[in-house]
Structure formats: structure tokens, C-alpha cells
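The values are calculated or read from the model by the stated rules, or taken from the named source; none is laboratory data. This is a predicted model, so every value here is computed, not measured. We place every Cβ from the backbone using ideal geometry, glycine too, and count neighbours over all the protein chains shown.
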Ligand code: APR
């Protein structure tokens, strides 16, 4: 931890790159955990695709609304809160692969969702953002999404589906932030899903130190200058507010 604290101790720009492990201590069901009960018969990867949306929009919409409901019942953990507090004293940019809103609910601004957000609903045809109201409190196996008032398309989840391109604005902001940081802190990602997994390598190429917090192994390997074997909730308060 001392070495990690030292690496993070300057006052230059800090980028915090987070994955599903960041939200684990908040009890957010991972992409696959949301497959209990009603959803057991579905393969998550098969639902999170444009093909599933074209084939069975009402089932896909119902599953995402259920995931929204589950996330809304979760609370930011000490890791999210430590990152938000750090933003009060330092230039801190958050780049997350997570589609939940826990960084924002912890008080973080400047959060870039490179895989989109559960709560950024938009029209599947013209792309207009859509206000669809709160999700149902009970799991319902089929729901018809609202129709776009502008073009007659359907409201879709604001997440990046398998096979889709990442949204350019958050991706470009993530690359800019990582390559101009003083230090990059990577928390709770397996580092296996590209192109997000390539971000720490961009920092290394720019000779920017990378600190990783993860209780288990990840695919980041030699990209990491300092490794802290701990959970987000255990490590981040001590690392960011020594
Ligand atoms: N604190 C920190 N890290 C944790 C914790 C914790 N409490 N619990 C688990 N982890 C680590 C795991 O060891 C693992 O390395 O978090 C990582 C989670 O890895 P993944 O589940 O693969 O999540 P992520 O890396 O974010 O996946 C990338 O894949 O499922 C798709 O689009 C989805 O954005 C996601 C992408």
C-alpha cells in the first residue's frame, strides 16, 4: 500500500478506470447475476445483442428494466465515495466500463461510461434520449418499450451491446484522459474486454504509472507498476485519503 500511496500522492491529474469489481461491494448483480429466477432460462450474452433486440424487443427491454431496478436498490460503497471525495481536492476523471450509476450517486462528476449506461435510454432509430420513467418493482418477462415521439422508433437501453461500436465521445475522452494523466488507478476489472482493456497500456506507452486494485488476478499483467491485492472498498479510502 505504501508504494501505491506514493504513486498516487502527487497532485497531477488522476484517472480512475473501473470495472464490475468496483460495484461488487455494493451488491450490484453482475451481468450474469441478473440471471436468477425469471431470467434463468436466458443466456445474458444472447440478450445483450442487436440481434436479440430485433428478434424479441419486449423480452430484452423487460430484462434491462429489471437490471435498472436491481441497480437502483444498491448503494455506492466506500470505494465509490473515496473516488468522489478525491475529486474535491484534485483533477480526477473517472472512466468506467460499468453501466450502473453508482459513481454519480456517490457524488462523482466527470464520469465517462465507455460501455454506456443503463439509465441513458434513447430511441433505437433517431437516437433521441428518452425519459421512460422508473422501472417496474417486480420482474416482468415481457414489456413493450415506449415509442419515440419524434420518429416512432422504440426506446432502447443505453448500453453498448456485443458487436456494437463504443460511443465515440466517452471513448475519446477516456483516451485523452489516460494519456495525459499523472497516474492511472485501475480498479476491479479483469482487463479482458477490449478496447477498454487497452487503456492501461496507453498509459504505460506514455510512461504514466498504473496502479491496480483487485483482490484477484487480472489480464493487466505487465501494464501495472504497483499492484494492491485488495477490494475497492478496502483499498480506495486509504489510497486516496491517506
Ligand atoms: N473490488 C475490486 N475488484 C473486484 C472486487 C472488489 N470487491 N470483486 C471482484 N473484483 C474483480 C475481479 O477479480 C475481476 O478481476 O473485478 C473484476 C471483474 O471482472 P469482470 O467481471 O470481467 O468485469 P469487467 O472487467 O468490468 O468486464 C468488462 O465485460 O461483462 C462485460 O460489458 C461488460 O463492462 C463489462 C466488461
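Keeping to segment 47-56, report how many residues are assigned to a helix (DSSP H, G or I) and either in the same structural domain as residue 20 (by TED's automatic domain parsing) or buried (at least 18 other Cβ atoms within 10 Å of the Cβ) (or both).
So the count comes out to 3.
Quick check on my filter: what residues within segment 100-114 are touching a helix residue (DSSP H, G or I) at 6+ places or on another chain (Cβ under 8 Å) and either more than 20 Å from residue 181 (Cβ to Cβ) or assigned to a strand (DSSP E or B) (or both)?
100, 101, 102, 105, 106, 107, 111, 112, 113
At least 1 residues that are away from the ligand (no atom under 16 Å from the Cβ) in each: list the strands (runs of 3 or more DSSP E) lying fully within segment 134-226 that qualify.
Strands (runs of 3 or more DSSP E) meeting the threshold: 155-159, 183-187.
Scan segment 20-61 for residues that are more than 15 Å from the ligand (Cβ to nearest atom), out of contact with any helix residue (DSSP H, G or I) (no Cβ under 9 Å at 6 or more places or on another chain) and modelled with pLDDT of 80 or more and jot them down.
Passing the criteria: 51, 54, 55, 57, 58.
Considering every residue within segment 143-152, establish whether at least one is at pLDDT below 95, out of contact with any strand residue (DSSP E or B) (no Cβ under 6 Å at 6 or more places or on another chain) and more than 25 Å from residue 98 (Cβ to Cβ).
no
Could you count how many residues in segment 227-242 are closer than 11 Å to residue 2 by Cα and either modelled with pLDDT under 95 or crowded, with 22+ Cβ neighbours inside 10 Å (or both)?
3
In segment 93-107, how many residues are touching a residue at least 40 places away in the same chain (Cβ under 8 Å), more than 13 Å from the ligand (Cβ to nearest atom) and over 19 Å from residue 171 (Cβ atoms)?
Total meeting the criteria: 0.
Confirm whether residue 175 is crowded, with 19+ Cβ neighbours inside 10 Å and closer than 22 Å to residue 20 by Cβ.
no
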